[in-house]
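The values are calculated or read from the model by the stated rules, or taken from the named source; none is laboratory data. Keep in mind that what you see is a predicted model, and the values were worked out from it rather than measured. For neighbour counting, all protein chains shown are included, and Cβ atoms are generated from backbone atoms with ideal geometry for every residue, glycine included.
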Amino acid sequence: MIMIVTFHEEFRGKISAFLSEKGHEVCVPPHRQDVISLVKEKSPLVIVLDMYVAEPNGLDVLKELRAQNYHGGIVALAGTSVRSLMSQASQLGVDQVIGGFQGDGGAVNLDQVESAIKMALHSSIAKRAFELYESRGRTKGKDLDDWLEAERQILHRNVPLAAGESKAKAEPESAARKHRQPQKKSSEKSKGPK
């Protein structure tokens, strides 16, 4: 799930519609003051946070998210007028910073928003894969298994299966194992008669 936090209603609608069309589940807090409680309830994978928001401001929202141990990705929408905040935002763990809205006539590049979200997700998956690698005692040769498991845990947590979707599709590692096993058996059979 992707959470969109911005004061600009038109852009909030455009970003939400664009991401929904791309297959992302999107959540928009009813009010900026509801961000923290909604994050606790929904556990979004990535938050797109407009640094221009006020009451509370974007930096305060970011500080509170990290104080509440939110470890998901954060993509900041920021322009030149909030440049002074960005060093603090970086220290608080912003994954990506992309151009924000520049006045009433401004626009946001929706493809850039989606790319930043993908980068933030990639970063989260990489962190989790490394945690799995360490929990296995740093066993070599399991990189792909660790990556697939991390991807499954992060991308498919709290995501119900769509109607008609199989569990194998939601769990690529188990499906991959099923496809590998018959190949091993067929090669063993061909070795037997010779």
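Report whether or not Ser20 is of a type in the set (Ser, Thr, Tyr) and closer than 22 Å to Glu151 by Cβ.
On the way: of a type in the set (Ser, Thr, Tyr): yes; closer than 22 Å to Glu151 by Cβ: yes.
When the stated conditions are applied, Ser20 passes them.
Just one of the numbered conditions (1) at pLDDT 90 or above; (2) not in a helix (DSSP H, G or I) is not true of Asn158; which one?
(1)
Is it fair to say Leu59 is crowded, with 17+ Cβ neighbours inside 10 Å and in contact with a strand residue (DSSP E or B) (Cβ under 6 Å, 6 or more places away or on another chain)? Walk me through how you get there before you give the answer.
Numbers: crowded, with 17+ Cβ neighbours inside 10 Å: yes; in contact with a strand residue (DSSP E or B) (Cβ under 6 Å, 6 or more places away or on another chain): no.
It is false that Leu59 is crowded, with 17+ Cβ neighbours inside 10 Å and in contact with a strand residue (DSSP E or B) (Cβ under 6 Å, 6 or more places away or on another chain).
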